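*Asks:* The structure that follows is given in the form of structure tokens.
We did not get these values from a lab; they are worked out from the coordinates using the rules stated. These figures come from a predicted structure and were not determined experimentally. When we count neighbours, we look across all protein chains shown, and the Cβ atoms used for this are built from the backbone with ideal geometry, even at glycine.
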Amino acid sequence: MLTRRLRHIFRPDGRAFIVAIDHGMTEGPVQGLASPADTLAAIVAGGADAVLAGYGLAMHHAEALAPLGLILRLDGGHTSIGSLAPAGGFYTVADALRLGADAVAVSAFPGTPQEEVSLRHLASVVGEAHSWGLPVLGEMQPGGFDSGPEYHTVEKLAIAARVAAELGADWVKLPYTAGYERVTQSCFVPVVMLGGVKAGNERVLLETIHTAIAAGAAGVAIGRNIFQAANPRAMTAAVAAIIHQGASVDTALALL
């Protein structure tokens with residue numbers, strides 16, 4: 001079942017284009033997700049493969065999500081009213097199976113006071129999920145959410161990726177940095193690039209994705225740069241062209 005479900009996320013070329021729309025779990029109705037159905041229609045039309053979503057959105061927009069692979073986020077942080085520090089697990093593998101999810105996502109925070117508990121949580125979820133044939137995405141956030149560049153060195157990212165793989169994650173999501181090939185080559189499960197904050201320049205975003213793919217990334221998992229784009233459908237199509245068609249940055253830009 002792991003292989004079958006992973007095929008709902010990764011295409012036969014071994015790559016995946018995941019749109020993260022789980023921001024409402026901590027930030028509420030952010031720009032671009034106030035009407036999730038509209039955003040979902042745009043990313044489906046643009047050619048995304050899967051979404052990373054929270055339980056409520058997945059439950060109430062099942063029809064719109066049907067064409068996409070579904071990765072359910074099991075954990076989260078405090079809301080933006082308070083603090084964005086990690087808050088732990090919210091949902092379970094059983095919840096994901098009940099929703100028909102194709103995989104679950106769990107974050108871990110190497111280099112923070114939450115390192116051990118978050119890694120233990122990831123390992124625990126892997127064990128339970130795999131007993132049901134459910135794949136697990138390990139989202140590694142060295143230094144925590146919005147950490148500084150000192151945590152995004154190629155050495156620390158390579159350690160974080162390998163730790164997730166050793167704990168049993170089926171694939172890993174983490175930030176891009178120069179020398180990303182060292183991260184992808186030293187991790188024996190696929191690595192997808194974490195999108196992070198909204199880029200101020202479309203060319204810069206597409207160039208980063210193009211470079212990450214060339215460095216061995218198996219795809220991307222990005223959110224704001226899709227659903228807050230001027231034209232989410234066109235931006236989805238541009239990113240999909242780079243990931244699955246090997247398009248140049250200029251060719252992808254022409255789709256916008």
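*Asks:* Taking the beta-carbon count within 10 Å as an exposure proxy, list R4, R15 from fewest neighbours to most.
*Replies:* Fewest to most other Cβ atoms nearby, the residues stand as R4, R15.
*Asks:* Please work out the C-alpha center-to-center distance from region 124-183 to region 197-256 and express it in whole Å.
*Replies:* Comparing the Cα centres of region 124-183 and region 197-256, I get a distance of 21 Å.
*Asks:* From the residues S186, P149, I43, which one has its Cα farthest along the dipole of region 2-253 in the positive direction, the dipole being from +1 and -1 charges on Cβ of Lys/Arg and Asp/Glu about the Cα centre?
*Replies:* Positive-most Cα among the choices belongs to I43.
*Asks:* Let me ask you something else. Give a residue-ordered list of calculated ³J(HN,Hα) values for region 180-188 (Karplus: 6.51 cos²θ - 1.76 cosθ + 1.60, θ = phi - 60°; whole Hz; x for Gly, Pro).
*Replies:* 4, 4, 5, 5, 5, 6, 9, 10, 8
*Asks:* Helix hunt in the chain: which complete DSSP H runs extend at least 20 Å axially by C-alpha with mean Kyte-Doolittle at least -0.5?
*Replies:* For the chain, where a helix must reach 20 Å along its axis and average at least -0.5, the hits are 115-131.
*Asks:* Could I ask something else about it? Relative contact order of the chain: what whole-number percent is it, with Cα pairs under 8 angstrom and at least 6 residues apart?
*Replies:* Relative contact order, the chain: 19 percent.
*Asks:* So for F188, F17, F90, F10, fewest C-beta neighbours within 10 Å to most, what's the order?
*Replies:* Neighbour counts put them in this order, fewest first: F188, F90, F10, F17.
*Asks:* Using the crude model of +1 on Lys and Arg Cβ and -1 on Asp and Glu Cβ, and no other charge, please compute the dipole size for the chain relative to its Cα centre, in debye to 20.
*Replies:* 360 debye
*Asks:* May I ask which residue of A161, H8, A101 lies farthest towards the positive end of the charge dipole of the chain, with charges of +1 (Lys, Arg) and -1 (Asp, Glu) on Cβ and the Cα centre as origin?
*Replies:* Result: H8.
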